[in-house]
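The values are calculated or read from the model by the stated rules, or taken from the named source; none is laboratory data. Everything numeric in this text was worked out from a predicted model, so none of it was measured. As a convention, Cβ positions derive from the backbone with ideal geometry for all residues, glycine included, and neighbour counts pool all protein chains shown.
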Amino acid sequence: MIVLFTDFGSADPYVGQVKAVLHRYAPRAPVADALNDAPDFGIEPAAHLLAGLAPHYARGSVFLAVVDPGVGGPRQAIVVEADGRRFVGPDNGLLSVVWQRAKRRGCHRVVWRPAALSSSFQGRDLFAPVAASLTRGRPPPRWLAAMHAPRMLLDPADLGRVIYVDHYGNAMTGLRAAGIAPGVRLRVGGRTLSRAGTFSEALRGATFWYANSLGLAEIAVNQGSAARELRLGVGSPVAVIRS
């Protein structure tokens, strides 16, 4: 399976062009859309979001991951292996959190270049053919060169910020809920919030945090919008209150 994780936008023509290339190179490989509305240009929040999403896809999956504000610049194209999954994308930190958290990992630089390479759409012209080739096993000889590690490494520790806001107004954070002790509250948007097990444990209109389906701490309002009520957006700080 090829899994798309991009900031290309669900309503724009870019994802369709990428899928056309994937179908050309790997017509039998199923393609899943993990997310095509990752935070625009937001490498750090997207890196933590990708690390949260990836374990929910089968080992052997190939992720085409592109949040690449530096497209056309000096950053390299890489393939990383992390716990049985492979990720193709820019070496700008996007793949570094999932790679650093992995128990088994590897890294390669993409040295192959297509005959026609757009300076502004390398997700289509460069990353997509490489991702498709990986579904058939190994890419052709001399497409990849071994690296010790990605050049750009973000801090893999939990990120105390909002990394994604869904259409309900729920604000996902870069904090893994398993690392937050019972009874601990979160400070966000000028409010201190207690934990609830799920929405049904909170009164209608109540604001709280809970462990979402990805295992991340998420800020929510029961039948309301936490983003609107607390004026939250990607990058809003979230603090753990331990006393």
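Being free of Cβ contacts under 8 Å to residues at least 40 places away in the same chain, surrounded by fewer than 16 Cβ atoms within 10 Å (Cβ to Cβ) and out of contact with any His (no Cβ under 9 Å at 6 or more places or on another chain) is the filter here; which residues of the range 111-154 pass it?
Within the range 111-154, 111, 113, 114, 115, 116, 117, 118, 137, 138, 140, 141, 142 meet the criteria.
Among the residues of the range 110-122, is there at least one that is assigned by TED's automatic domain parsing to the domain that holds residue 75 and in a strand (DSSP E or B)?
As a first pass, look at the range 110-122 and keep what is assigned by TED's automatic domain parsing to the domain that holds residue 75: 110-122.
With the extra rule that they be in a strand (DSSP E or B), the set shrinks to 110.
Yes, the range 110-122 contains at least one residue that is assigned by TED's automatic domain parsing to the domain that holds residue 75 and in a strand (DSSP E or B).
Restricting attention to the range 124-146, which residues are within 14 Å of residue 79 (Cβ to Cβ) and assigned to a helix (DSSP H, G or I)?
126, 127, 128, 129, 130, 131, 132, 133, 134
Specify which of the listed residues (150, 129) is in contact with a helix residue (DSSP H, G or I) (Cβ under 9 Å, 6 or more places away or on another chain), more than 17 Å from residue 91 (Cβ to Cβ) and at pLDDT 95 or above.
Values: 150 fails: more than 17 Å from residue 91 (Cβ to Cβ).
None of the other options fit; the residue is 129.
Going by what's in this entry, would residue 161 be described as among the charged types (D, E, K, R) and part of a strand (DSSP E or B)?
Working: among the charged types (D, E, K, R): yes; part of a strand (DSSP E or B): yes.
It is true that residue 161 is among the charged types (D, E, K, R) and part of a strand (DSSP E or B).
Looking at 206, 202 in this structure, which one is buried (at least 18 other Cβ atoms within 10 Å of the Cβ) and in contact with a strand residue (DSSP E or B) (Cβ under 8 Å, 6 or more places away or on another chain)?
On the way: 206 fails: buried (at least 18 other Cβ atoms within 10 Å of the Cβ).
Just one listed residue meets the conditions, 202.
Please pick out the residue among 79, 98 that is within 18 Å of residue 136 (Cβ to Cβ) and either surrounded by fewer than 24 Cβ atoms within 10 Å (Cβ to Cβ) or of a type outside the set (Gly, Ala, Ser) (or both). Give the steps one after another, and end with the answer.
Values: 98 fails: within 18 Å of residue 136 (Cβ to Cβ).
From the options 79, 98, the qualifying one is 79.
How many residues, within the range 69-106, are more than 12 Å from the chain's Cα centre (by Cα), part of a loop (DSSP other than H, G, I, E, B) and in contact (Cβ under 8 Å) with a residue 24 or more places away in the chain?
Residues in the range 69-106 being more than 12 Å from the chain's Cα centre (by Cα), part of a loop (DSSP other than H, G, I, E, B) and in contact (Cβ under 8 Å) with a residue 24 or more places away in the chain: 9 in total.
Please state which one of 186, 216 is farther than 19 Å from residue 155 by Cβ, buried (at least 20 other Cβ atoms within 10 Å of the Cβ) and not small (Gly, Ala, Ser). Working first, answer last.
Working: 216 fails: farther than 19 Å from residue 155 by Cβ.
Checking each option against the conditions leaves just 186.
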